[in-house]
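K.L.:
Before anything else, here's the structure in question.
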């Protein structure tokens, strides 16, 4: 398979995938005797091709992988097309809880409630249902309470490559709530573009945004 064909295969994979593809996944599908740096070069070249022709689509890195999504410039039109599916968003309480988990994970329900000052069971159930958080184990203390952490879907929802892309805390007690989909703050958090659920690959953009 020549280089151009391999690049078109990668483009196909990034278009059709329902999750960001890691370089190792792409390498396995290509089935060629390629190194990871060579696969990375294919992705980089494809990304540059989209930029060069000013395409409304971009090759974006998120959640430790790569996926084809729409440029944030066209997010308002995507919202209009899927307005019936994108009107419900995460509630303020859910976003606050998610922020605490993101910055303090692994963390127990009791510790979350101590920070927020309110009961968190229902919100945690919603976040678990939306697959934005997961049970990360049990704390070795009295009662061995469950520990919670974020998931790859959390990274995708906010268009983060890794947890290291979270905005830094100005003070230990400062926990900025993560921004909901489509807000100005979420664009800042994402660093570039709109989140995948609003402007992701064609398959993913049909999915309903998480809500609470």
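The values are calculated or read from the model by the stated rules, or taken from the named source; none is laboratory data. Remember, it's a predicted structure, so these values are computed and weren't measured experimentally. A quick note on method: Cβ atoms are made from the backbone with ideal geometry, for glycine too, and the neighbour counts reach across all protein chains shown.
K.L.:
Taking residue 14 as the residue in question, decide whether it is touching a strand residue (DSSP E or B) at 6+ places or on another chain (Cβ under 7 Å), part of a helix (DSSP H, G or I) and assigned by TED's automatic domain parsing to the domain that holds residue 65.
P.N.:
On the way: touching a strand residue (DSSP E or B) at 6+ places or on another chain (Cβ under 7 Å): yes; part of a helix (DSSP H, G or I): yes; assigned by TED's automatic domain parsing to the domain that holds residue 65: yes.
It is true that residue 14 is touching a strand residue (DSSP E or B) at 6+ places or on another chain (Cβ under 7 Å), part of a helix (DSSP H, G or I) and assigned by TED's automatic domain parsing to the domain that holds residue 65.
K.L.:
Restrict the check to region 52-65 and report whether at least one residue is at pLDDT 90 or above and either in a helix (DSSP H, G or I) or assigned by TED's automatic domain parsing to the domain that holds residue 163 (or both).
P.N.:
Yes, because at least one residue in region 52-65 is at pLDDT 90 or above and either in a helix (DSSP H, G or I) or assigned by TED's automatic domain parsing to the domain that holds residue 163 (or both).
K.L.:
Please work out which residue is nearest to residue 133 (Cα to Cα), limiting yourself to region 20-51 and to residues that are in contact with a strand residue (DSSP E or B) (Cβ under 7 Å, 6 or more places away or on another chain) and outside any helix (DSSP H, G or I).
P.N.:
Here the answer is 20.
K.L.:
Which condition does residue 1 not pass, out of (1) surrounded by 11 or more Cβ atoms within 10 Å (Cβ to Cβ); (2) part of a helix (DSSP H, G or I); (3) at pLDDT below 90, if it passes all the others?
P.N.:
(2)
K.L.:
Among the helices (runs of 4 or more DSSP H) confined wholly to region 74-162, which include 3 or more residues that are in contact (Cβ under 8 Å) with a residue 24 or more places away in the chain and within 30 Å of residue 56 (Cα to Cα)? Walk me through it before giving the result.
P.N.:
Working: elements: 75-81, 83-86, 92-104, 109-116, 121-129, 152-157.
Filter on region 74-162 gives 75-81, 152-157.
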